[in-house]
Every structure is written in C-alpha cells, then in structure tokens.
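The numbers here are math on the coordinates, done by the rules we state, and not lab data. Since we're looking at a predicted model, the values are computed, not measured. We place every Cβ from the backbone using ideal geometry, glycine too, and count neighbours over all the protein chains shown.
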Amino acid sequence: MIELQNVCKTFKVTRRNAGFLEAVRAMFHKKCDYIKALDNVSFKINEGEMVGYIGPNGAGKSSTIKIMCGILSPKSGLCTINGLIPWKDRIRHVRDIGVVFGQRSQLWWDVPVVDSFELLRDIYKIEETTYKSNLNKLSTLLDIETIIKTPVRQLSLGQRMRCEIAASLLHNPKILFLDEPTIGLDAVSKIAVRNFITNINREEKTTVILTTHDMQDIEALTKRIILIGKGKILLDGDLGTLKKQYTEQKKITVEYAEGTLSLCDGLTLLESIHGRAIIALDTNKISVSNAIAELSRNLEVLDISVAGTTAEEIVVSLYKEYQI
Amino acid sequence: MKLYFRYCSIILRSQMQYKSSFFMTVIGQFLISFSMFVGIYFMFQRFNRVEGFSYSEVLLCFAIVLTSFSIAECFVRGFDTFSGTVSNGEFDRIMVRPRNEIFQVLCSKIEFTRIGRFLQAVIIFFYAIPASQVLWTFDKIATLIFMIVGGVCLFSGLFIIYASLCFFTTEGLEFINIFTDGGREFGKYPLSIYGEGVLKFFTFVIPFALVQYYPLTYLIGRTSIKLYILSPLFGVLFLIPCYILWRFGLRHYKSTGS
Amino acid sequence: MRKYISFFRIRFVNGLQYRSAAYAGIVTQFAWGFMTLLMFWAFYKSDMKSFPMTFEQLSSYIWLQQAFLSLFMAWLFENEIFAAITSGNIAYELCRPINVYNMWFIRNVASRLSKVVLRSIPILVVGAFLPSPFGISLPVNWVTAIFFIISLTIGFLVLVAFNMLIYISAFYTVSPIGIRILSVSLVELFAGAVIPIPFLPNGIKVIFELLPFASMQNAPFLIYIGNSDYKNAIFSILLQIFWLVSLIIIGKFLMKKALRKVVVQGG
C-alpha cells in the first residue's frame, strides 16, 4: 500500500550566464533559482492496482518515483510504502520493489544474461528453489528461454527489454516501477510486454506504477491514471470515466467521389484533402446517425468511419486544459 | 563474503571477453611503472645517495608504495571513477538494491589489469629485499606488512574522499589527484627528501608519512624506535573521517537528487 | 583552407569553456612542479657536481614542462575519435567533403591549445616570481627566445602527428585501449617527461635524442634554458622537422589504407 501526503520537493538550481567574468562572479556570489518540483502531492495506491503516472517532461514524475524508491527525500510531507518510509529504511524497503528504467540497463553487458540473474539472486538473497521456479516461469512467460545464455550486448532491444523485466521480477517484488518500458520496441515486442505486465498484475497481485509517454501503453494496461503537471496532481481518476467525458466528441472520416461538404450545426471540418475529409462531431448537437445522413445527402460517399477519441487525444487536450 | 566473490567472477569474465585489450593494458600498466623505476635507476646512476638513502633502500620504499597503490586501485577503483557513476545514473540503480552502498560501489569496479603494476612491484621487491641488507626479523616483516596495509587504507581513503565530493559537484575535483597519483609518484622516494614542510604536512594532515617514511626508517635500521612499527595503522584510522564524509555526502545526495 | 580555420575556431572556443577543470589543473600542476623541484633539490644537495645543468636551468625546465603540459601530455586523447572508429560512426565523417586526417589533426591541436592557453599563463607568471633558484628565468637572449618558440611549435606538432598514428591504429585493432596505454608509457619515458634527457647516462642519451620523442618537448625546453649553442639548436629544429614530416607522411598513408578498408567493409 502506497500513500503520499502533501509531499513537497524544491530544487535549487544555480543560474550562471556564459562568459569569463560571469564565471568569476559566480565563484563569489551564487545566483539560485528555486524550482518547486513537487507541490503538495498526495495520492493512495492500493495493493494490486495498476496506475499510469503521466505528465509532460519536467512535471515531477521522476522526482515522485525517486521518492517512492527511496533515492530522494522530500522537503516535507509523508510517504509510507507498506509501512516503511522509503528513504529512511532504504535497504528493507528496496527488497520488495522492482524498478525498470527504460533507457538504462541493469544487466552486465558482456556476460550471458543468466549470469546477471544469478548475481541478482545473491544480491536479493533469493532462495535457490524460489529462484529456479521464478526463472522458469519468467523465461516462459517472456519468451527468453533461448536467449538467456547470450551476452546482453548481442541482444536486440526487444530481447533486452524482456530480460530487464525478468530481472526486476526475480525477487517477487510487491511493487513494480516501470519507467518507459516499451520505448524503442517494435510492435510485436510491445504487445508481448504489455500482455506480460497485465498477467503479472492479475496473477501475482503486483502493484504496477507505469510512467510513460506512450498512450497506447496506458490504454492497454491501466484503469487509473494520475496526471501531474508543474509539480501538482491535476487529475487522479479512472481512465474509462475520463473517456466517457470525452466521448461527446467523435471523429468521422469520410471518403467521397463527388459532391460538396455541407456541414450543419455540430459538425466541424478538421481536414479535407482530395476527397477525404475528417470531421469533428459533437454528439450533444447531432447524433451519429443524423450526421451520417446529412453527409450522405450531398456526397457520393465511398467510405465512412466513426472513431471515438483516443487516449492520446484525451491527454493532449488535458495538457491544453491545464496549460501544461 | 560470497557475494563479493560472485561480483569478482562476473567482472573478471566481463573483462576477459576482451582478451587482447586486457593483456595489452596489463603490459601497459607494467611499462608505466617500469618507466618510474627507470627514472629512479637513472637518477641513481648519477647520484649515489639522496638524503642518506641508498639505491636499494629507495627501491624498497618504491616497491611498498607501488604495491599499496596497485592493490587500492584494483579493488577500490569504484570510488576513483565515482564521478561517472553519479552522473550517468548508475548510483540510483545502486540505491535501488537492498545492499550497503559502499559495498556495491566497491563491487562496481574491480580492475584486474592493475596486476601489471603489482607485478612490477613484486619484481622490484625481489631485488630490493636482499640488496637492502635488512635483517628480516619478525618485527621487520610485520612493519613491511603494516606499511602495505596502511598504504592501501590511505589510498582507499583518498578515493573515498574524492567520491564523497562527487556528491556535491563533479567539476574541478581533479586536484585530489595531487594526493592519489601524486602520492604514488612522489611517494617513491622517502618523504623526508622533500623537506620539513612536506614531511609535516604528510604527518599531520594526510598521514602518508606515518605509513611510508617513519616505518621505513625503522625497517632499514636508521632508527630503532619500535613505535614506528605501528604507525602505519594511522592509515587505517584515516578511513574514519573519510567514511564520515561519505555519509555526509550521501545524505546530501538524497536530499538534492542528481 | 577556410573550413579548417573555422573548424579550429569552433573547437578552440569550445575548449575554453572548461574553466573549473582548468582551475583544478593549474593547482595540480603547481603541486607537481613544486614537488618535482624539491626532489631534484634533494639530489642536487647530495652531489652538486653530477648535475648536468645549473639548478636555475632545471627549475626553468620543470616549470616550462608544467606550463605547457597540455601541449605535450601523452595521455590526452579525443575519445570521440576512438568511439567513432570502434562504433563505425566514422562512416558518417566520410560522407563529408573533408580530409579526415587533417580534420582530426586540427581537432587535437585546437583542443590542446585551448587547454594550454588557460593554464600556462598563471604558471609562467608565478614561476617568474618564485625566488631563485626555484623560479623560471628569462631566456638568455632574443635569438634563443625565437628558436624556442619555433621549436615549441614544431615539437607540439610532432606530438600530435604521433598521436594520429595511435588513432589510426584503432582501425586495425578491436579495442584501442592497449595501444593507448603502451604509447603513453613509451612516450612519457622517451620524451623526457619522467626525467629530463640530460640526466640520462651518456650512451643512452644519444639514442634517446634521435628518437622522435625527444623532438617533442625536450628539444624546445633545452633550447630555452640555454643548454645548447646555436649550432645544436638549429640541428635540433631540423631533426624535429624531419620527424614531423615523416610522421605525417606515414600517418596519411596508413589512414588512406584504413579508410579504404572501411569503405569496402562498411565499418
């Protein structure tokens, strides 16, 4: 169980202009800016939840994650994870968490993957039988049985990522922090990783906190999203509810051979090139069937499709709404 | 501990993947310390004694310092290269593991190639030990061992100081090299030849003289103050303030991030 | 030609930015020079007659060595060049209409010059004010000074030309670390960085003086301190020119062969 209450964190950043004189001046008188990275951040995450933690770059995501991992201590506020304060009880707390940094590997580069696994087994003091069964289970689920004897440097990004995730779960952590786990992966690997994460959340009741810019990850994995911007929690809610709020807006893509586009109230033209038009539809003003009827009246319609808003679009409009 | 040996094995295997590079580095290390030796050799070709120390006595001093330095550099290198570890985020990874941070930093880098320097020291020992005409009684042997142990602790302490400072800034810390590389470079001669001021500094500020000069004078029979047998242990005590600085730096890192 | 000048300027200005490193470097070099002089002083006291030069001359030599260390230190390499070769990114450099050898040469020159500009002046200034015989003394006369500047420039270029060979060797080996360490140890010893060449025994001294390494820092410094008369100074400079030309020719030849291999194999 993760609980944050009014967590605040300020960073001191020294401002220094270019130039030799400035450098000399800086040696005597430091000009600092105080940046509020986290401003009264509070939320609660229960065991077994899968949460998407999103926000633009610099919003405070990594600071929050670092505090939850125990790497950073906040200026004020409470943070307890399973009864422990992360940065105070570092070693005990860290034994039960797994972290995957998307861009930085925790595996040794030049030796076979399984050697890194064995080292992790000793670091986390995993029982031999537990280790063996976990290794078997993870190897099968992540499809890495054939590659664990290869040195990491010879693996593709997708293979490496799957090994990374396996490495972070060897010790059966209760909480898994995933930072950009699917970045740079091909479509097949992305789906494999997503399936695996859903599986592990369901079977092992592992709490998963996912920070990512890939909205398809969010859509596929999480039900709950927490949006942070400029250090403040702006939104903490169910993705489904959010989508419903936005389903008033739909998009109609219509391909036509001839005719004119007549747009009545409730229809706004977004894009139109050579017989292909994308039209925004406000379901408050006109229903979908009426809109289609209206368009078909004056157009020779070849193809027509209706789409709801994607998570990506929701997030973009959220960012705009909160001005982050 | 068993974990440490596991780290050793994985790092050694990792380094041995590049066999030719490994051996060339070992040879290079050997040659670098060899050229240090050559410097001493040529100087003594011209001059017979310096400050009353003979050629073989200086070689003994050199071999001891070189041994300490190469052992420290091999096993404590993780602290010496700490600026990179902090700036590329590897230290965050260390903090996410349920083990003591110092232990992990020690395990992060073990440079087996330093054996090149170590071999050079051993070879010089082979010459210097008989040539120096020291009567190798039990207390003399103990002094030698203490000198090496004290030296390893001293250099390790300097590495730890460097790493602790890296928590605060990564710029402009090269001056620590004055004491680490400088210690190796200028420590090849007994510290007394550099004059009173230098000797005092390295007695009271950084106890290098307590590890090198004073026990050396006992070893070669210049003095018979038995207390000097134990003075290298100040090198071990030196680790205490270094450790305190490390914890201070770690606390600072935790409150400011990277 | 203009592209080389602008390339030089970019690298040079870039190098000037690293001020805190320069500051720390100056402190380190002071300590180094100071300790080295103390060491030589101990030897001098023990046997003045065996000293191959006056102590004032030695002090000048040591301080010159420290002041111009950035020009001559053997272990300073542009790691990006090694990275480009081992990773194969060198292929991108070949897509541009420039001579790779010249570009790398200028890059090294600019990088070292920017370092030396930051560090040499404080050391030279303080060195001049140190009490004799520990300070740096002025050159004997104008002619010596001019010979010194010429020799310093050429000696510097000789070192860069030699370093080019080390970079090029990276094309022929999987990992250049070994060659780097070997070259560093060799250069340091033979160039008179460990102990100045005049301190070596006579037989060995002659051999060392003919190697290209003595033509790097040893020649100009000896000219400065007045250890050689005009005839010897001119001979030294001619020897330096010989080595510079030879190393560049060898370097360009090996580079061309290596690049042809890269183009054929694709990195």
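When Lys and Arg each count +1 and Asp and Glu each count -1, what net charge do the other residues less than 11 Å away from A:GLY275, Cβ to Cβ, add up to?
-3
When a/c is below 1.5 the answer is rounded, else prolate if a/b is larger than b/c, else oblate, so apply that to chain C with a ≥ b ≥ c taken from the square roots of the Cα gyration tensor eigenvalues.
prolate
For the protein assembly as shown, take the convex hull of the Cα atoms, compute a quarter of its surface area, and give me that in nm², please. Walk me through the intermediate numbers first.
Details: hull surface 178.6 nm².
Averaged projected hull area, Cα only: 44.6 nm².
Under a crude label model (7 Å from the Cα following the beta-carbon direction), how far is B:PHE5 from A:GLU258 in nanometres?
Modelled inter-label distance: 8.8 nm.
Need one number: convex hull volume per residue for the stretch B:161-258, Cα atoms only, in Å³.
Once divided by residue count, the hull of the stretch B:161-258 is 96 Å³.
What does the charge dipole of chain B about its Cα centre add up to, to the nearest 20 debye, if the Cβ of each Lys and Arg holds +1 and the Cβ of each Asp and Glu holds -1?
That gives chain B a dipole magnitude of about 640 debye.
So which of A:LYS9/A:LYS88; A:LYS132/A:LYS205; A:LYS251/A:LYS285; A:LYS190/A:LYS251; B:LYS19/C:LYS256 end up more than 18 Å apart by C-alpha?
A:LYS132/A:LYS205; A:LYS190/A:LYS251; B:LYS19/C:LYS256
If you take the C-alpha gyration tensor of the stretch A:59-98, multiply each eigenvalue by 5 and take the square root, what semi-axes do you get, largest first, in whole Å?
Details: eigenvalues 52, 26, 13 Å².
Taking √(5λ) for each eigenvalue gives 16, 11, 8 Å, largest first.
In peptide A:119-127, what is the residue-averaged number of other protein chain Cβ atoms found within 10 Å of each Cβ?
Other-chain Cβ atoms within 10 Å of each residue's Cβ, averaged: 3.
Using alpha carbon centroids, what distance separates the stretch B:176-249 and the stretch A:27-99, in Å?
Centre-to-centre distance over Cα atoms comes out at 44 Å.
So if I average 1/r over every pair of distinct C-alpha atoms in the stretch B:76-163 and take the inverse, what Kirkwood radius in Å does that give?
This gives a value of 15.6 Å.
Under the rule a/c < 1.5 gives rounded, and otherwise a/b versus b/c splits prolate from oblate, where does the stretch B:18-151 land using the Cα gyration tensor? Let's see the in-between values first.
On the way: a/c = 2.83, a/b = 1.91, b/c = 1.49.
Verdict is prolate for the stretch B:18-151.
Report relative contact order for the stretch C:2-265 in percent, whole number only (criteria: Cα-Cα under 8 Å, sequence separation at least 6).
Values: 271 pairs, mean separation 68.5, N = 264.
Reported as a whole number, the value is 26 percent.
Could you list, in their original order, any pairs among B:LYS2/B:LYS109; A:LYS44/A:LYS243; A:LYS75/B:LYS254 whose Cα atoms are separated by more than 20 Å? Provide the component values of the computation, followed by the final result.
Details: B:LYS2/B:LYS109 17 Å; A:LYS44/A:LYS243 22 Å; A:LYS75/B:LYS254 11 Å.
Going by Cα-Cα distance, A:LYS44/A:LYS243 fall outside the 20 Å limit.
Averaged across the residues of A:87-97, what count of C-beta atoms belonging to other chains lies within 10 Å of each residue's C-beta?
For peptide A:87-97, the averaged partner shielding equals 3.
Per residue and in cubic angstrom, what volume does the convex hull of the Cα atoms of chain B have?
On the way: hull volume 36.4 nm³, N = 258.
Per-residue hull volume (Cα only) is 141 Å³.
Under the classification rounded if a/c is under 1.5, otherwise prolate if a/b is larger than b/c and oblate if not, where does the stretch A:248-308 fall, given a ≥ b ≥ c as square roots of the Cα gyration tensor eigenvalues?
Working: a/c = 1.75, a/b = 1.49, b/c = 1.18.
Here the stretch A:248-308 falls in the prolate category.
Going by average Cβ neighbours within 10 Å, how do the peptides C:243-252, B:128-137 rank, with the highest at the top?
Listed from highest to lowest mean packing, they are C:243-252, B:128-137.
On a C-alpha basis, how far is the centre of the stretch B:120-158 from the centre of the stretch B:57-80 in Å? Whole number, if you could?
One Cα centre to the other: 11 Å.
If the reach is capped at under 24 angstrom between alpha carbons, list the lysines near B:LYS226, excluding any in the same chain fewer than eight residues apart.
Counting by Cα, and skipping residues close in sequence, B:LYS226 has these lysines nearby: B:LYS140, B:LYS188, B:LYS200.
Determine, at each q value in 0.07, 0.09 (inverse angstroms), the log₁₀ of I(q)/I(0) that the Debye formula gives when each Cα of chain A is one equal point scatterer.
Normalising to I(0) and taking log10 leaves -0.41, -0.64.
Would you list which aspartates and glutamates come within 15 Å of A:LYS174, measuring only between C-alpha atoms, while excluding same-chain residues fewer than 8 positions from it?
Candidates past the 8-residue exclusion: A:GLU3, A:GLU47, A:GLU49, A:ASP96, A:GLU203, A:GLU204.
Inside 10 Å of the C-beta atoms of B:90-101, what's the mean count of C-beta atoms belonging to other chains?
6
Rounded to whole Å, give me the distance from the Cα center of the stretch A:273-307 to that of the stretch C:53-119.
67
Counting helices only, and only those DSSP H runs with n ≥ 4, report the 222 nm mean residue ellipticity of the protein assembly as shown as the sum of -39,500 (n - 2.57) divided by its residues, in deg cm²/dmol to the nearest 500.
-19000 deg cm²/dmol
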